[in-house]
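Below is one structure, written out as structure tokens; comments come after it.
Every read-out reported here was derived from the displayed coordinates using simple, explicitly stated rules and does not represent laboratory data. What you are looking at is a predicted structure, and each value in this text was computed from that prediction instead of being measured. Using ideal geometry, Cβ is built from the backbone for each residue, glycine included, and neighbour counts are taken over all protein chains shown.
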Amino acid sequence: MSASFRVRELKTGAARLAAEAGVPIVPVAVWGGHRLLTKNHRIRMRDRIGVPVHLRVGERIPVAPDADPREVTEALRVELQELVDGLQSAYPVDGRGAWWQPRHLGGTAPTPEEAAAADAERDARRRAEGR
């Protein structure tokens with residue numbers, strides 16, 4: 001999940017592990033947990049009480065031993081985004097104007113482009129620091 005609260009580009013590790021183990025990938029998405037604990041936002045303990053946290057489990061994604069991990073990973077990313085979209089639209093709290101709501105739903109979270117630019121800046125800073 002990016003700071004825009006959209007599913008970011010994924011690495012291929014889950015697809016490669018599933019192919020090697022001969023098991024499917026079961027996508028799971030959570031919405032609301034970021035309101036309890038998230039990077040760059042201090043949340044008072046009393047504001048955490050009663051915050052709804054919802055999850056959805058998607059259909060299993062079969063992974064053949066010779067599957068292209070990039071294709072499987074993209075299928076996983078698409079499925080995760082669909083699950084997150086469903087969770088966001090069904091969420092029982094109106095998040096318009098809130099930091100935890102995506103911009104396209106009326107929140108103040110960064111756009112995907114703004115989040116990607118911030119990630120690139122952070123990565124460049126870490127490389128310069130030797131981390």
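General observations
- Given the chain, longest segment not containing exposed loop GluC sites (Glu not before Pro) (DSSP; at most 16 other Cβ within 10 Å): 60-131
- Positive minus negative residues near Val63 (Lys, Arg vs Asp, Glu; Cβ under 11 Å): -2
- Potential extension, Val23-Arg96 segment - 0.36 nm per residue separation minus Cα distance: 22.3 nm
- From its DSSP helices (H runs of at least four residues, each -39,500 (n - 2.57)), the chain gives a residue-normalised ellipticity at 222 nm of -12500 deg cm²/dmol.
- Space enclosed by the convex hull of the alpha-carbon atoms of the range 13-94, per residue, Å³: 111
- Extension gain from Ile49 to Glu71, taking 0.36 nm per residue of separation minus the Cα-Cα distance: 3.9 nm
- Under the convention that each Lys and Arg Cβ holds +1 and each Asp and Glu Cβ holds -1, the size of the dipole of the range 13-94 around its Cα centre is about 760 debye.
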